[in-house]
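Here is the structure we will look at.
The values are calculated or read from the model by the stated rules, or taken from the named source; none is laboratory data. Since this is a predicted model, take the numbers as computed values, not measurements. Neighbour counts are summed over all protein chains in view; Cβ atoms, including those assigned to glycine, are modelled from backbone coordinates with ideal geometry.
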């Protein structure tokens with residue numbers, strides 16, 4: 001979900017997978033979609049108005065804030081080209097957390113900034129803290145040491161939570177709390193479960209004055225160094241248990257709580273996770289409503305398409321799991337504990353067995369062992385690259401029908417924060433991952449934009465279909481498949497109708513196995529990681545789509561009928577194009593070809609050295625890359641097809657590039673609809 005309940009400006013689609021914001025169009029000519037660089041303050045108070053100042057570009061008339069939390073109202077105070085001031089009130093039913101903030105207008109949708117949402121009054125950081133609980137926005141860079149004072153009473157519970165990296169900054173924070181004599185009462189450095197932010201939880205020892213001190217861990221704070229300091233008797237939840245839920249269900253999970261003094265610490269709060277129609281592979285957990293001091297990031301759970309179990313305490317022996325694919329959430333509750341699970345297997349099956357713990361803030365430095373039923377070790381896994389989470393890829397030996405999976409800590413520690421998720425998947429038929437080259441696409445009305453997708457094949461070489469769940473009907477997609485053996489897709493998005501924007505996912509679906517053993521292999525495309533995703537990793541699989549009100553000023557279309565085209569091996573495919581220019585679009589246009597073929601390589605001598613270069617003769621290409629005259633409205637081209645081009649279909653897009661007067665720069669690009677063309681046998685023309 002993305003945009004919520006902005007009066008007169010937005011509405012929810014019937015689809016639960018995308019909320020579409022309809023932006024009131026202005027008559028102004030749209031030159032670029034909005035972009036945002038900074039927001040101040042870095043938080044919003046639930047149920048109370050907060051004046052936000054957002055800086056960036058193309059934030060003119062008609063700009064509005066969207067948030068993936070429900071909004072009650074927003075009132076624009078100023079909308080200039082590089083600054084938007086808007087008074088925002090988050091609806092009372094919103095739950096606390098860190099959310100994705102964007103700006104939409106009749107030119108499209110912006111990038112994401114992270115912003116905190118809770119019931120705390122929003123203030124700017126200063127020399128003294130008066131009313132609390134409250135949140136204070138500020139900035140810290142370089143060797144700065146920031147200090148602020150407060151007055152407290154003996155026995156008072158105090159939480160000091162600094163959000164910085166969770167909001168997308170580069171600060172490596174340290175918090176220190178001193179009493180009136182200058183003695184340190186408590187401190188916190190970077191904490192893994194807070195994405196390397198800091199938090200102090202303490203009880204004040206005496207009545208009197210206290211000083212909070214903030215600095216970078218090595219006094220070299222990088223920019224940006226913005227932060228949001230929350231101070232008071234606060235409630236936070238850093239993870240949910242179990243760590244996984246099954247798609248299509250509405251589940252209850254327990255949230256781990258740093259509780260306020262007013263909360264019964266013996267009661268574990270429960271939260272709902274509704275993934276009945278979710279397209280995501282990670283889902284945030286809504287914190288319970290009604291607690292005035294809930295704050296911090298939202299816990300997350302994995303959303304899978306298989307059984308998600310919870311560790312039980314078997315009366316004897318080990319807990320038996322269902323066959324793969326399956327996952328189980330557990331906890332090493334005491335020092336020296338080793339959790340064991342019996343897994344039914346088939347001889348010869350290739351399995352991937354993986355622990356998720358360190359990557360979600362668990363204290364567990366996991367060790368994973370695979371044993372036979374007599375206790376003999378068959379495989380063992382320790383750290384993977386970049387994480388302490390272990391993984392094993394394991395082929396089941398002959399005559400083995402059950403294996404025992406064991407999880408323990410490397411140095412035999414245990415406790416409430418040693419939680420994990422153990423997942424087993426069968427990879428006998430291979431696997432794959434998807435990436436996309438953008439996190440947002442803005443399309444002019446009647447225009448097109450290109451989205452590049454790449455596939456990382458891990459043993460699976462078959463085709464992958466790509467879907468965009470929740471995309472409105474007036475946004476059309478072409479080229480949304482990856483052929484067997486190929487490594488990328490060229491997808492074009494086009495749009496008609498009024499200006500609007502929203503969020504979708506790009507979901508890949510493949511089928512592996514045969515007959516009764518066949519199953520779907522679903523994978524979401526991920527955009528490049530961003531600092532703003534630190535506390536919201538599920539955003540990597542979201543694609544924002546904006547439709548601009550103004551029509552495209554340059555379009556290029558196929559004149560050939562789509563069903564008549566194929567790629568004649570060893571021959572040429574004639575291509576006819578039609579160009580449509582707006583009244584103000586003048587200049588020469590260069591035509592280029594994009595395909596899903598990775599150019600073959602060959603070796604040749606250069607400077608007495610053998611080097612590898614593209615083998616142009618074996619590459620799908622244009623016979624020439626023409627530059628059209630300023631008044632040209634059509635073009636006739638030939639697409640050269642190598643004789644040894646493998647079977648397709650192959651993705652093909654032609655690009656029209658409007659050149660500057662000196663022909664050195666590209667002013668604007670337009671794309672044909674993506675086509676997927678099969679190969680065919682070439683029959684030379686006869687001339688009798």
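Does segment 418-440 contain any residue that is more than 21 Å from residue 456 (Cβ to Cβ) and out of contact with any strand residue (DSSP E or B) (no Cβ under 8 Å at 6 or more places or on another chain)?
no
Modelled with pLDDT of 95 or more, buried (at least 17 other Cβ atoms within 10 Å of the Cβ) and assigned to a strand (DSSP E or B), is that true of residue 158?
Yes, satisfied.
When you go through 520, 479 one by one, which is the residue that is surrounded by fewer than 20 Cβ atoms within 10 Å (Cβ to Cβ), closer than 30 Å to residue 647 by Cα and out of contact with any helix residue (DSSP H, G or I) (no Cβ under 8 Å at 6 or more places or on another chain)?
Numbers: 479 fails: surrounded by fewer than 20 Cβ atoms within 10 Å (Cβ to Cβ).
Testing whether each residue is surrounded by fewer than 20 Cβ atoms within 10 Å (Cβ to Cβ), closer than 30 Å to residue 647 by Cα and out of contact with any helix residue (DSSP H, G or I) (no Cβ under 8 Å at 6 or more places or on another chain) leaves just 520.
Touching a strand residue (DSSP E or B) at 6+ places or on another chain (Cβ under 9 Å), in a strand (DSSP E or B) and farther than 30 Å from residue 649 by Cβ: is that true of residue 363 in this structure?
Numbers: touching a strand residue (DSSP E or B) at 6+ places or on another chain (Cβ under 9 Å): yes; in a strand (DSSP E or B): no; farther than 30 Å from residue 649 by Cβ: yes.
Here the answer is no, as residue 363 does not meet what is asked.
Just to be sure, is residue 228 part of a strand (DSSP E or B), under 30 Å from residue 54 (Cβ atoms) and without any contact (Cβ under 8 Å) to a residue 60 or more places away in the chain? I'd like the intermediate steps shown before the answer.
Numbers: part of a strand (DSSP E or B): yes; under 30 Å from residue 54 (Cβ atoms): yes; without any contact (Cβ under 8 Å) to a residue 60 or more places away in the chain: no.
No; evaluated as a whole, the condition is false for this residue.
Take the residues in segment 570-585 that are surrounded by 16 or more Cβ atoms within 10 Å (Cβ to Cβ) and within 14 Å of residue 645 (Cα to Cα), then tell me which one is farthest from the chain's Cα centre (by Cα).
571
If the requirement is being under 17 Å from residue 439 (Cβ atoms) and at pLDDT below 90, which of these qualifies: 11, 2? Even if it seems obvious, please write down each step before you answer.
On the way: 11 fails: under 17 Å from residue 439 (Cβ atoms).
Testing whether each residue is under 17 Å from residue 439 (Cβ atoms) and at pLDDT below 90 leaves just 2.
If you check 574, 568, 599, which single one turns out to be touching a strand residue (DSSP E or B) at 6+ places or on another chain (Cβ under 9 Å), free of Cβ contacts under 8 Å to residues at least 24 places away in the same chain and either part of a strand (DSSP E or B) or not assigned by TED's automatic domain parsing to the domain that holds residue 283 (or both)? Walk me through it before giving the result.
Numbers: 574 fails: free of Cβ contacts under 8 Å to residues at least 24 places away in the same chain; 568 fails: free of Cβ contacts under 8 Å to residues at least 24 places away in the same chain.
Within the list 574, 568, 599, the selection yields 599.
For the condition under 30 Å from residue 637 (Cα atoms) and at pLDDT 95 or above, what is the one hit in 462, 485? Spell out the reasoning first.
Numbers: 462 fails: under 30 Å from residue 637 (Cα atoms).
Going through 462, 485 in turn, just one is under 30 Å from residue 637 (Cα atoms) and at pLDDT 95 or above: 485.
Which one is modelled with the highest pLDDT among residues in segment 547-561 that are assigned to a loop (DSSP other than H, G, I, E, B) and surrounded by fewer than 19 Cβ atoms within 10 Å (Cβ to Cβ)? Working first, answer last.
Applying the first criterion (assigned to a loop (DSSP other than H, G, I, E, B)) to segment 547-561 yields 552-553, 559-561.
From the residues that got through so far, the ones that are surrounded by fewer than 19 Cβ atoms within 10 Å (Cβ to Cβ) too are 559-561.
On the way: 559: 90, 560: 78, 561: 69.
Out of the qualifying residues, it is 559.
Quick grid of which residues meet (1) crowded, with 21+ Cβ neighbours inside 10 Å; (2) out of contact with any strand residue (DSSP E or B) (no Cβ under 6 Å at 6 or more places or on another chain); (3) outside any strand (DSSP E or B); (4) at pLDDT 90 or above:
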site	(1), (2), (3), (4)
510	yes, no, no, yes
529	no, yes, yes, yes
532	yes, no, yes, yes
545	yes, no, no, yes
563	no, yes, yes, no
587	no, no, yes, yes
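Restricting to segment 33-48, and then to whatever is in contact with a strand residue (DSSP E or B) (Cβ under 6 Å, 6 or more places away or on another chain) and closer than 15 Å to residue 134 by Cα, can you tell me which residue is surrounded by the fewest Cβ atoms within 10 Å (Cβ to Cβ)? Before you say what the answer is, go through the steps one by one.
Residues of segment 33-48 that are in contact with a strand residue (DSSP E or B) (Cβ under 6 Å, 6 or more places away or on another chain), as a first pass: 33-46.
Then keep just the ones that are closer than 15 Å to residue 134 by Cα; that gives 41-46.
Numbers: 41: 22, 42: 28, 43: 26, 44: 27, 45: 20, 46: 23.
This residue is 45.
One line per residue, one yes/no per condition, for (1) out of contact with any strand residue (DSSP E or B) (no Cβ under 7 Å at 6 or more places or on another chain); (2) in a strand (DSSP E or B):
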residue: 56; (1), (2): no, yes
residue: 62; (1), (2): no, no
residue: 77; (1), (2): no, yes
residue: 93; (1), (2): yes, no
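With the condition kept exactly as written, say whether any residue in segment 492-506 is surrounded by fewer than 21 Cβ atoms within 10 Å (Cβ to Cβ) and either assigned by TED's automatic domain parsing to the domain that holds residue 66 or within 21 Å of the chain's Cα centre (by Cα) (or both).
Initial filter on segment 492-506 (surrounded by fewer than 21 Cβ atoms within 10 Å (Cβ to Cβ)): 496-498.
From what is left, the residues that are either assigned by TED's automatic domain parsing to the domain that holds residue 66 or within 21 Å of the chain's Cα centre (by Cα) (or both) are none.
Scanning segment 492-506, I find no residue that is surrounded by fewer than 21 Cβ atoms within 10 Å (Cβ to Cβ) and either assigned by TED's automatic domain parsing to the domain that holds residue 66 or within 21 Å of the chain's Cα centre (by Cα) (or both), so the answer is no.
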